[in-house]
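Visitor: My structure is below; once you've seen it, I'll send some questions.
The values are calculated or read from the model by the stated rules, or taken from the named source; none is laboratory data. Everything quoted here is computed from the prediction, not taken from an experiment. Using ideal geometry, Cβ is built from the backbone for each residue, glycine included, and neighbour counts are taken over all protein chains shown. Only protein heavy atoms, including side chains, enter the accessible area calculation; ligands, DNA and RNA are left aside. Shrake-Rupley method; radii C 1.70, N 1.55, O 1.52, S 1.80 Å.
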Amino acid sequence: MTLLREAIGDSLRRARLAQSRTLREVSTSARVSLGYLSEVERGRKEASSELLAAICEALDVPLSRVLWDVSTAIAGEDLPAGAAPAREPAEAATPAPAEPAAEPAAAEPAAASAATGTRTQVDGETRIVIPAPTNGPLVLVEAA
């Protein structure tokens, strides 16, 4: 089980290394001691929300991106064996090439109903989860 502080530290370190920046550069820009930033990256210290915001600003990485990375890393551990982890946001994901179906009869029922324009019946206990958009405001709509 990964601790939250370790996952946050991993995400911050990956962002810093992707920019080829040193701990000293980021710590100076974020106004955090070099030793403390190192401890945060190694998952030894719990960073406050203010400190995380300062580090993310110094790295020019949105805090939401760091939290997304952390949540997908932790969610990936919670999945049963063989299940696929959550996808990254659209801006970071590379589209996979589409594979043509062998036969139209082998298509999924949902895909077939979407192609024909018919609606699939869903029982009252089924939850449909639609991912939030990666950019723009989030709009919540109450079910009728």
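Visitor: Can you give the FRET efficiency to the nearest 0.05 for Arg14 and Tyr36, using r as the Cβ-Cβ distance and R₀ = 30 Å? Please report the intermediate quantities before stating the final value.
Guide: Numbers: r = 19 Å, r/R0 = 0.62.
According to the calculation, E is roughly 0.95.
Visitor: While we're on this one: Probe 1.4 Å, all protein chains in place: accessible area of Glu46 in Å², nearest 10?
Guide: 120 Å²
Visitor: Now, a different point. Enumerate the residues in region 37-57 having an amide nitrogen under 15 Å from the point lying 7 Å beyond the Cα of Arg24 toward its Cβ.
Guide: 38
Visitor: Same structure, new question: Does a label point 7 Å from the Cα of Ile74, set along Cα-to-beta-carbon, have any residues of region 4-22 with amide nitrogen under 17 Å, and which are they?
Guide: From region 4-22, the list is 4-13.
Visitor: Ignoring ligands, DNA and RNA, what percent of the accessible area of region 17-61 is carbon or sulfur (1.4 Å)?
Guide: On the way: 1300 of 2740 Å².
Within region 17-61, the accessible surface is 47 percent carbon and sulfur.
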